[in-house]
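Colleague: Below is one structure. I have some questions about it.
What follows is calculated from the coordinates using simple rules that are stated; it is not laboratory data. The shown structure was predicted, so the numbers you read here are calculated from the model rather than taken from an experiment. Positions of Cβ are generated from backbone atoms using ideal geometry, with glycine treated the same way; all protein chains shown enter the neighbour counts.
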Amino acid sequence: MQILVSGSLAYDRIMDFPGRFSDHIMPDKLHQINVSFTVNGLTENFGGTAGNIAYALSLLGESPRILATIGHDYHRYFEWLQQHGIGTGDIRVVPEEATASAYITTDLADNQITGFNPGAMKQSSRFDFNAINPAQCLAIVAPGNLQDMMDYTSAYHRLGVFAIFDPGQSLPIWQGDDLARCIGQCRMLISNDYELALIKDKTGRSTDELVAMAGTVITTQGEHGAEIITAAGVEHIPTVPADKVVDPTGAGDAFRGGLIKGLVQGYPLSRAARMGALCAHYVIQVYGTQVYRFTPQEFAAGLERHFGPWPSAPSG
């Protein structure tokens, strides 16, 4: 099974603010906000939605295809992907732009403020869908170039590819009608609880209507786990407890990687989502989005330890 991961590739600059944003923002002055947060330091990591999801899948033994753009400073990222068995042949290099960059500041309450320079992501990745066998593909459309997100959901719908739609951080730039069309062209909608509220506001659709459009709506809820909503009802997926929570950045992408691995292996949705929860458990215990590690044996043991006896994958 080929896994197609479209979205962004970025260099993440992660900063830690040793306080709470809420202590420095005056609610009655939000119309003229002007604040500065002094951080403890800055670390640079490989990131972007496509890169993060692909990295999680690589730890789980998969070799996903990344459909994205990258800038003239691509060399370090390509070396990193190749070290983890992830091909770079579907990534379009845009020589006149720098790679997208995210500047992420996290406070003591795990609230985040992010500044994002799209750089090369402003251009389409121009993937050739003639190069795939639709019956042997599963795809996720994660936040990235807006035109790619619209074009790729349409292509997957036309070709009959099982596609997951994950608009995430791109939501502020969407028009409601375009967003609703993309949701209806995919087989699953995934977001966090804040993003789901924004999706409903932009599209004018209720949760039940979104379920009718996509078939499945998965909502991650941070420390409260996740919800799977289908026509059959609602199922809660618990989090996997962590000894320490260092940085939540990238937890959602890790969840998606584990979820996709479970779906590819043929597990029912509830088990696939638990695989996602275990992936997220690893990433929140370190700084950075592609810094965590586990072996397949450690992951299998974690599934047994946290969720009880775990059956062999139905697809082998």
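Colleague: Only Lys, Arg, Asp and Glu count, each charged at its Cβ (+1, +1, -1, -1), so figure out the dipole size of region 6-112 about its Cα centre, rounded to 20 debye.
Modeller: Charge dipole, region 6-112, about its Cα centre: 100 debye, nearest 20.
Colleague: Distance from a point 7 Å along Cα→Cβ of Asn111 to each backbone N in region 1-28: keep the residues under 19 Å and list them by number.
Modeller: So the set is 15-28.
Colleague: Loop only by DSSP, 14 or fewer other Cβ within 10 Å of the Cβ. Give me the trypsin sites (Lys or Arg not before Pro) in region 261-316 that pass, ordered by residue number.
Modeller: Arg293
Colleague: Report the charge-dipole magnitude of the chain in Debye, nearest 20, computed about the Cα centre from +1 at each Lys and Arg Cβ and -1 at each Asp and Glu Cβ.
Modeller: For the chain, the charge dipole is close to 560 debye.
Colleague: Right, something else. Near Lys244, which aspartates and glutamates are there with a Cα under 14 Å away, not counting those fewer than 8 places off in the same chain?
Modeller: Leaving aside aspartates and glutamates fewer than 8 places away in the same chain, those within reach of Lys244 are Asp110, Glu223.
Colleague: Among Ser36, Gln82, Pro134, pick out the residue whose Cα is farthest towards the positive end of the charge dipole of the chain, where Lys and Arg carry +1 and Asp and Glu carry -1 on C-beta, about the Cα centre.
Modeller: Going by the Cα projections, it comes out as Pro134.
Colleague: After finding the eigenvalues of the alpha carbon gyration tensor for region 152-283, what semi-axes result from the square roots of 5 times each, listed largest first in whole Å?
Modeller: With the √(5λ) rule applied to region 152-283, the semi-axes are 24, 17, 14 Å.
Colleague: With a cut-off of 20 Å, note down the residues of region 90-132 whose backbone N falls inside the zone around a label point 7 Å from the Cα of Phe78 toward its beta carbon.
Modeller: 90-101, 119-128
Colleague: For the chain, what is Rg from Cα atoms divided by 2.2 N^0.38 Å, rounded to two decimals?
Modeller: 0.96
Colleague: Still on this structure: List the trypsin sites (Lys or Arg not before Pro) in region 1-81 that DSSP assigns to loop (not H, G, I, E or B) and whose Cβ has at most 15 other Cβ atoms within 10 Å. Which are they?
Modeller: Arg20
Colleague: While we're looking at this one, here's another question. Using only the Cα atoms of region 1-127, each taken as one equal point scatterer with no solvent, compute I(q) by the Debye sum, divide by I(0), and report log10 of the ratio at q = 0.11, 0.19, 0.22 Å⁻¹.
Modeller: Results for region 1-127 at q = 0.11, 0.19, 0.22 Å⁻¹ read -0.47, -0.99, -1.17.
Colleague: Oh, and also: Taking the Cα-to-Cβ direction at His31 and at Gln285 and moving 7 Å from each Cα, how far apart do the two end points lie in nm?
Modeller: Going by the 7 Å Cα→Cβ label model, 4.9 nm.
Colleague: Two decimals is fine: what's Rg over Rh for region 265-316, C-alpha atoms, Kirkwood radius as Rh?
Modeller: 0.99
Colleague: Turning to a different aspect of this structure: Using the eigenvalues of the Cα gyration tensor, what equivalent ellipsoid semi-axes result for region 131-220 when each is taken as the square root of five times the eigenvalue, whole Å, largest first?
Modeller: After diagonalising the Cα gyration tensor, the semi-axes are 21, 14, 11 Å.
Colleague: Per the Kirkwood definition applied to all pairs of different Cα atoms, how many angstroms is the hydrodynamic radius of region 214-301? Don't skip to the answer; put the middle values down first.
Modeller: Values: mean 1/r = 0.0759 Å⁻¹.
The Cα-based Kirkwood calculation yields 13.2 Å.
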